[in-house]
Structure formats: structure tokens, C-alpha cells
Amino acid sequence: MFGKRRAASINTVNRTTKETSNLSAPSGVVPAGPAGPAPTAHNKKSRDYYDLKASTFAALVETIDVSQLSALDPEMARASIRSVVVEIVTARKVVLSSTDQDDLLEDICNDVLGLGPLEPLLARDEITDIMVNGPDQVYIEIGGKVRQANVRFRDADQLLNICQKIVSAVGRRVDESSPICDARLLDGSRVNVIAPPLAVDGATLTIRKFARDRLTLDQLVRFGAITLEGAEVLKIIGRVRCNVLVSGGTGSGKTTLLNCLTRYIDEDERIVTCEDAAELQLQQPHIVRLETRPPNIEGEGEITMRQLVKNCLRMRPDRIIVGEVRGTEAFDLLQAMNTGHDGSMGTLHANSPREAISRLESMITMGGFNLPAKTIREMISGSIDIIVHAMRLRDGSRRITHITEVLGMEGDVITTQDLMLYDVQGEDADGKLIGRHVSTGIGRPAFWDRARYYGEEKHLAAALDAAIAPAA
């Protein structure tokens with residue numbers, strides 16, 4: 001398939017090898033020859049390793065037509081790349097240990113077919129965040145703690161090319177004229193890129209990974225994020241079509257929690273989702289997924305979140321789900337919740353349920369709506385039924401800390417009541433926080449009549465009674 005081109009490139013590599021025979025060999029890679037020592041393994045990849053990888057990759061690009069690889073089965077494509085790389089390394093008369101050779105082959109296959117150094121990190125389920133601060137510095141988050149990863153990019157150009165590869169896959173772009181971009185991976189993981197000249201030390205890439213296996217409330221119970229009784233209350237809230245706002249800080253698990261709540265939506269309902277980058281992983285059969293669009297290079301063609309929310313009202317949805325409420329679309333979402341789209345949901349950045357209400361009011365006010373403050377608060381209190389607040393604690397764990405009802409208005413103030421709270425009681429010898437979810441003793445919440453309408457009042461009563469027992 002690549003015979004003539006391969007032969008020409010191998011000859012070029014041979015000539016280059018002769019001209020640069022005094023080039024220092026990387027750690028674990030030694031020149032072949034009568035007096036050459038046996039290869040040694042290395043634990044940490046050195047600069048020489050990356051130099052070898054860069055020169056081998058350049059020779060590979062000269063040898064094969066990379067565009068033809070996309071037509072091959074992934075395994076066949078990898079086999080083709082591996083055979084060529086072995087020939088190139090042999091032509092350079094470089095001896096590698098089996099471990100180093102496997103690493104080199106895998107790294108180059110990832111460069112050509114995948115996302116380069118990111119591939120092994122994306123494959124590890126325990127990693128929740130990947131933070132690339134330029135080509136030489138990569139951090140990961142595991143178990144709520146950030147640590148530096150033992151990977152790097154070949155150079156700044158490779159990092160920028162991978163960023164462009166990611167965003168172009170979802171129809172977006174990142175370059176000097178448009179250096180900031182929000183995108184997603186094919187599995188829904190959230191991606192943010194900020195490129196030079198805004199990023200001084202090279203492109204900065206942040207990936208918020210989503211687990212391959214979709215979490216459920218039952219799994220959150222096993223992780224300690226919520227109690228069994230609290231999970232049952234949340235299931236009922238999802239089934240009886242309460243309007244829900246999921247609030248929390250950055251990295252607190254809002255999107256994961258929203259995914260869990262949507263599992264209890266009936267399969268015969270039509271759901272329309274609106275997101276900046278499609279991340280939600282709903283499992284119902286009747287779903288329409290909408291995604292915003294940034295402006296093109298001429299600054300035209302932008303589709304905002306508010307336009308999506310307004311349009312989906314004309315699409316006959318049973319429920320509307322907004323991935324993240326952060327602007328004037330808050331007004332349209334509240335309007336939808338108040339006009340026959342019960343069970344709609346959204347997430348919002350806030351540090352408490354009370355602050356979530358204040359942020360909603362601020363978003364509507366900043367949108368230029370000429371409405372009295374009391375009118376806006378009445379709209380909020382009449383639209384939102386439940387606020388579920390998630391928090392990332394200082395030990396890195398994530399907990400659902402509040403299940404809060406929005407009751408109505410008393411004068412000019414929106415009134416709320418907490419159904420369940422998370423009480424931090426101390427920490428253990430390893431620095432892990434110790435706490436428990438406690439019921440506030442509310443036996444008949446404000447959505448009791450709604451639960452009775454859907455035949456869930458007995459389950460709700462049982463869950464609330466069981467939740468009271470540990471706190472007694």
C-alpha cells in the first residue's frame with residue numbers, strides 16, 4: 001500500500017542516520033554497534049525520548065499517507081503504523097528495550113490515530129479532570145486531588161494540533177482569531193481550550209471527563225453522596241415532574257446529578273435538551289439534543305442558549321432540560337416551567353440554594369427585562385419546586401448537601417424549607433471528612449399533593465419517615 005513511498009523515506013532516514021551518527025541516544029535507547037552496551041529501561045521519559053519520537057514521527061509522515069489510514073479498521077491502521085515505525089527505528093540503527101519500543105509504538109499510534117499523550121489518560125476511569133498547561137506540563141485529578149502526570153507533548157504545535165482536532169470534531173474552531181473555545185469529546189466529556197496569544201505559555205486544554213458507565217442514584221448512595229432515603233426522595237421528585245434546579249460550585253457534580261435525576265423520567269415523554277456543549281447522557285428514547293453555536297470567522301451565525309430555549313418551546317416538549325443556566329435564558333426557562341412544561345430541569349453555579357435563587361434573579365435583571373424585583377421573585381417562586389445542592393468538600397469528596405423546597409413568597413422574600421441536609425461532624429486520621437445526611441423532620445413537603453396525584457405519596461411518606469429515624 002505504501003511500498004514505494006516507504007522505501008524512499010527509509011533511504012532518506014538511512015542517509016540522515018549516517019550524517020548524524022554522533023547524535024546522543026535517549027535514555028533506554030543506545031546506538032547499535034560492536035561496542036554498544038545493552039539497552040537499559042527507563043521509568044521517566046527523557047527529552048531524548050521525545051526527540052527520538054519527534055524524528056520518527058516526521059519520518060513516518062513522509063513514509064505513509066496518513067489520510068488513507070482513516071479508511072482502515074483501527075487495528076489494521078495501528079498494525080500499518082507499527083510496521084513502518086519498526087522499519088524506521090531499525091534504519092536508524094537504534095536499539096530499544098521491549099518496554100521502550102512498546103511505548104514508542106503506542107505513543108506514535110496515539111499521535112496519528114488519537115489524541116496523542118492524552119489517550120492513556122482518557123482511558124483511565126479514575127481520572128476525572130485533565131489539565132494541560134502548555135506542552136510540558138500536564139496535571140490530572142484523581143479522588144479529588146490534583147497531581148502532575150508523567151506525560152508531555154512533543155512541542156507546542158502538537159498540543160495546538162490536538163486542540164484543533166478535538167474542537168473540529170464538533171464543528172468548532174480554535175486559532176489566533178478565535179482563541180477561546182468550549183467543545184466536547186465524543187463521549188460527552190467537557191473541553192475548554194484557550195490558545196495563544198491569550199495563553200502565554202502555549203495552548204491550555206482542560207477536560208472534565210465523564211465516566212463511561214453512567215452513574216445512578218443507587219451508585220451515589222454507595223459512594224456516600226446521599227443516603228438511601230434521600231435518593232428515594234430524589235427519585236420521587238423526578239417521577240412526579242417537579243421543576244428542579246441543581247446548584248453547586250465548579251466540579252461539585254451538578255451534571256452527573258442531573259443525569260441521575262433524568263433516569264426517572266417516563267420513557268413516553270418528549271425531552272428537549274439545550275447545552276453549550278452536549279454533555280448530558282439521557283437514556284430515554286425520545287430525546288432532542290440542541291447545542292449552541294459560536295460565531296464564524298466573520299463574527300456571524302452565532303446561536304445563543306436563549307435562542308435555543310425559546311425555539312424548543314415550539315417543539316412540543318414535555319420537559320426542557322438546560323445543561324447550564326448562566327445568562328438571559330433563565331427568564332425563558334422559568335417561563336417554560338410556568339406554562340405546562342412541568343418537570344423541567346437545569347443546573348446553575350451557586351454556593352447554596354439561597355444563593356441560587358439570588359443568581360437567577362440577577363441573570364434576569366442583567367438581561368434588560370424591565371420588571372420589578374418582586375415580579376421576578378414571584379416568577380422564580382412560582383416556577384422552581386426543588387433545589388438540589390451539591391458540594392465538593394475540602395477532602396475532594398462530593399456530597400449532596402441540600403434538598404430544598406421553594407415554598408412561595410412572604411412579602412418580598414422567597415421562602416424555602418430544607419428537607420435534608422448534610423452535617424459535617426469531623427474528619428478521620430486520613431483527613432477524610434466524616435458526616436451524615438439528616439432529615440429536618442418535614443413530614444409533608446409542599447409537593448405532597450403532586451406526589452399524591454402521581455400515586456407516589458406512600459413512597460414519599462415512607463422515605464421521609466425513614467430519613468427522620470437516624471436524626472432522632
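The values are calculated or read from the model by the stated rules, or taken from the named source; none is laboratory data. Since we're looking at a predicted model, the values are computed, not measured. Virtual Cβ from ideal backbone geometry, glycine too; neighbours counted across all protein chains shown.
Conditions tested, residue by residue: (1) touching a helix residue (DSSP H, G or I) at 6+ places or on another chain (Cβ under 8 Å); (2) within 30 Å of ARG377 (Cβ to Cβ).
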| site | (1), (2) |
| --- | --- |
| ASP268 | no, no |
| ILE271 | yes, yes |
| GLU302 | no, no |
| GLN307 | no, yes |
| ASN311 | no, yes |
| ARG326 | yes, yes |
| ALA330 | yes, yes |
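The number of residues in the stretch 394-412 that are farther than 21 Å from ALA446 by Cα and either at pLDDT 90 or above or surrounded by 21 or more Cβ atoms within 10 Å (Cβ to Cβ) (or both) comes to 2.
Residue count for the stretch 162-185 under the criterion of being within 17 Å of LEU121 (Cβ to Cβ), surrounded by 15 or more Cβ atoms within 10 Å (Cβ to Cβ) and either touching a Pro at 6+ places or on another chain (Cβ under 6 Å) or modelled with pLDDT of 90 or more (or both): the result is 3. The residues of the stretch 326-358 that are in contact with a strand residue (DSSP E or B) (Cβ under 6 Å, 6 or more places away or on another chain) and either of a type in the set (Gly, Ala, Ser) or closer than 11 Å to ILE384 by Cβ (or both), listed by number, are LEU333, ALA336, GLY343, SER344, MET345, GLY346, LEU348, ALA350, PRO353, ALA356, ILE357.
Among the residues of the stretch 340-354, those that are under 26 Å from VAL240 (Cβ atoms) and either in contact (Cβ under 8 Å) with a residue 12 or more places away in the chain or touching a Ser or Thr at 6+ places or on another chain (Cβ under 6 Å) (or both) comprise HIS341, ASP342, GLY343, SER344, MET345, GLY346, THR347, LEU348, ALA350, SER352, PRO353, ARG354. The residue pairs whose first member lies in the stretch 285-304 and is under 18 Å from VAL174 (Cα atoms) and exposed (fewer than 10 other Cβ atoms within 10 Å of the Cβ), whose second member is aliphatic (A, V, I, L, M) and modelled with pLDDT under 90, and whose beta carbons are closer than 7 Å, counting only pairs six or more residues apart or on different chains, do not exist in this structure. From the list THR227, THR273, THR250, the one residue that fits, being farther than 20 Å from ARG214 by Cβ, touching a residue at least 24 places away in the same chain (Cβ under 8 Å), of a type outside the set (Gly, Ala, Ser) and buried (at least 22 other Cβ atoms within 10 Å of the Cβ), is THR227.
Filtered by the rule that a residue be buried (at least 16 other Cβ atoms within 10 Å of the Cβ) and either within 22 Å of the chain's Cα centre (by Cα) or not in a loop (DSSP other than H, G, I, E, B) (or both), the stretch 327-343 gives GLU329, ALA330, PHE331, ASP332, LEU333, LEU334, ALA336, MET337.
Set side by side, the residues THR375, THR415 differ, and just one is at pLDDT 90 or above, touching a Gly at 6+ places or on another chain (Cβ under 8 Å), surrounded by fewer than 17 Cβ atoms within 10 Å (Cβ to Cβ) and of a type in the set (S, T, N, Q), which is THR415.
Quick grid of which residues meet (1) more than 30 Å from LEU433 (Cα to Cα); (2) surrounded by fewer than 21 Cβ atoms within 10 Å (Cβ to Cβ):
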| residue | (1), (2) |
| --- | --- |
| LEU104 | yes, no |
| ASP107 | yes, no |
| GLU119 | yes, yes |
| ARG124 | no, yes |
| ASN133 | yes, yes |
| ILE142 | no, yes |
| ASN150 | no, yes |
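The number of residues in the stretch 143-160 that are in a loop (DSSP other than H, G, I, E, B) and not β-branched (Val, Ile, Thr) comes to 8. Being among the β-branched types (Val, Ile, Thr) and in a strand (DSSP E or B) is the requirement here; does ILE364 meet it? It is false that ILE364 is among the β-branched types (Val, Ile, Thr) and in a strand (DSSP E or B).
Scan the stretch 138-161 for residues that are among the hydroxyl-bearing types (Ser, Thr, Tyr) and at pLDDT below 90 and the total you get is 0. For the stretch 433-463, taking the residues that are of a type in the set (Lys, Arg) and surrounded by 12 or more Cβ atoms within 10 Å (Cβ to Cβ), the one that is nearest to LYS145 (Cα to Cα) is identified as ARG436.
Can ASN370 be described as assigned by TED's automatic domain parsing to the domain that holds LEU407, surrounded by fewer than 16 Cβ atoms within 10 Å (Cβ to Cβ) and under 25 Å from GLY251 (Cα atoms)? In short, no.
Of all residues in the stretch 179-219, those being among the β-branched types (Val, Ile, Thr) and more than 22 Å from ARG293 (Cα to Cα) number 2. Evaluated against (1) touching a residue at least 24 places away in the same chain (Cβ under 8 Å); (2) closer than 28 Å to MET379 by Cα, ARG444 falls short on exactly one condition, (1).
All conditions but one from (1) part of a helix (DSSP H, G or I); (2) in contact with a strand residue (DSSP E or B) (Cβ under 6 Å, 6 or more places away or on another chain) apply to ILE140; the one that does not is (1).
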